[in-house]
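J.: Take this structure first; my questions come after.
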Amino acid sequence: MLFDIAISIFAQFRMRQNIEPAWTFGGGTALMLQIDHRESHDIDLFLHESQSSFLPYLNPETQGFVLTQLPDDYAETAGTLKLAYKDIGEIDFICCANILENPAHLKTVRGRAVRMETPAEIIAKKIYYRGGSIQTRDMFDLAAVIHTYGIDYAAMALKQCGRERLQKARASINSWPPEIVAAANSQLMVRGRARALIKDSQSLSSAAIEKALASLTPPQKTD
């Protein structure tokens, strides 16, 4: 439902502005559709940072878009537009740069071809943009990617975040009491074999960060 609403917003924007925004579908729901690890209903749509001027014109409240259901709440900041639907989820339009050279591939979602972000890009964005305040579900998502594709795949993606952001993410991950992480992730609507990751998500995330850091060229010493 929320995906269809987001597509309708883009369509009405295109008709009015005669511009086709370049966007990718990422975040937890896009990851769910690729690795089937947990339930997720929020829709995260990423536009390039150069398109931040589009955000006011994607707002149904100010633009009078005709939608099957209007949001219950709105929040707009520099670079983001959030549409909240009570008891359903959120649609987030986010302007930011990609992390990886090849961040997305074509996938079919509800009969429509879209550029869906790869699992590598999804976890890289989590670490690059909010690794310093990482949440328990982010660790679960990272652990699920490691479980599906291997730690080398995850570390190669995270390496692109750079040393400073990796170090911040490491500190944030290690600051969480393990019992809190496990308790919080046990509340997720976890699917299938991913249930085994609930207790290991923190340690797996930390291991991937360490592997990514170890693969970086050591900083040059200065006299």
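J.: Select from the range 137-154 the residues that are crowded, with 20+ Cβ neighbours inside 10 Å and out of contact with any Asp or Glu (no Cβ under 8 Å at 6 or more places or on another chain) and list them in ascending order. Before the answer, list the steps.
T.: Filtering the range 137-154 for residues crowded, with 20+ Cβ neighbours inside 10 Å gives 138-146, 154.
Answer for the range 137-154, where residues must be crowded, with 20+ Cβ neighbours inside 10 Å and out of contact with any Asp or Glu (no Cβ under 8 Å at 6 or more places or on another chain): ASP138, MET139, PHE140, ASP141, LEU142, ALA144, VAL145, ILE146, ALA154.
J.: Kindly check whether there is at least one residue in the range 2-22 that is surrounded by 15 or more Cβ atoms within 10 Å (Cβ to Cβ), in contact (Cβ under 8 Å) with a residue 60 or more places away in the chain and not in a helix (DSSP H, G or I).
T.: No, the conditions are met nowhere in the range 2-22.
J.: Looking at GLU49, GLU90, GLU101, can you tell me which residue is under 24 Å from HIS147 (Cα atoms) and under 17 Å from the mean Cα position of the chain (by Cα)? If you could, list the steps in order and put the result at the bottom.
T.: Numbers: GLU49 fails: under 24 Å from HIS147 (Cα atoms); GLU90 fails: under 24 Å from HIS147 (Cα atoms).
Within the list GLU49, GLU90, GLU101, the selection yields GLU101.
J.: In the set PHE46, PHE93, PHE140, PHE54, which member is assigned by TED's automatic domain parsing to the domain that holds VAL181 and in contact (Cβ under 8 Å) with a residue 40 or more places away in the chain? Steps first, answer last, please.
T.: Details: PHE46 fails: assigned by TED's automatic domain parsing to the domain that holds VAL181; PHE93 fails: assigned by TED's automatic domain parsing to the domain that holds VAL181; PHE54 fails: assigned by TED's automatic domain parsing to the domain that holds VAL181.
Going through PHE46, PHE93, PHE140, PHE54 in turn, just one is assigned by TED's automatic domain parsing to the domain that holds VAL181 and in contact (Cβ under 8 Å) with a residue 40 or more places away in the chain: PHE140.
J.: Here's another thing I want to ask about it. Among the numbered criteria (1) closer than 16 Å to LEU106 by Cα; (2) modelled with pLDDT under 95, which one does MET1 miss?
T.: So MET1 meets the others, but not (1).
J.: Counting just the residues of the range 172-223 that are surrounded by fewer than 19 Cβ atoms within 10 Å (Cβ to Cβ) and among the hydroxyl-bearing types (Ser, Thr, Tyr), which one comes out farthest from ILE151 (Cα to Cα)?
T.: THR222
The values are calculated or read from the model by the stated rules, or taken from the named source; none is laboratory data. Quantities reported herein were computed from a predicted structural model and do not represent experimental measurements. Every residue, glycine as well, gets a Cβ built from its backbone with ideal geometry; the counts of neighbours run over all protein chains shown.
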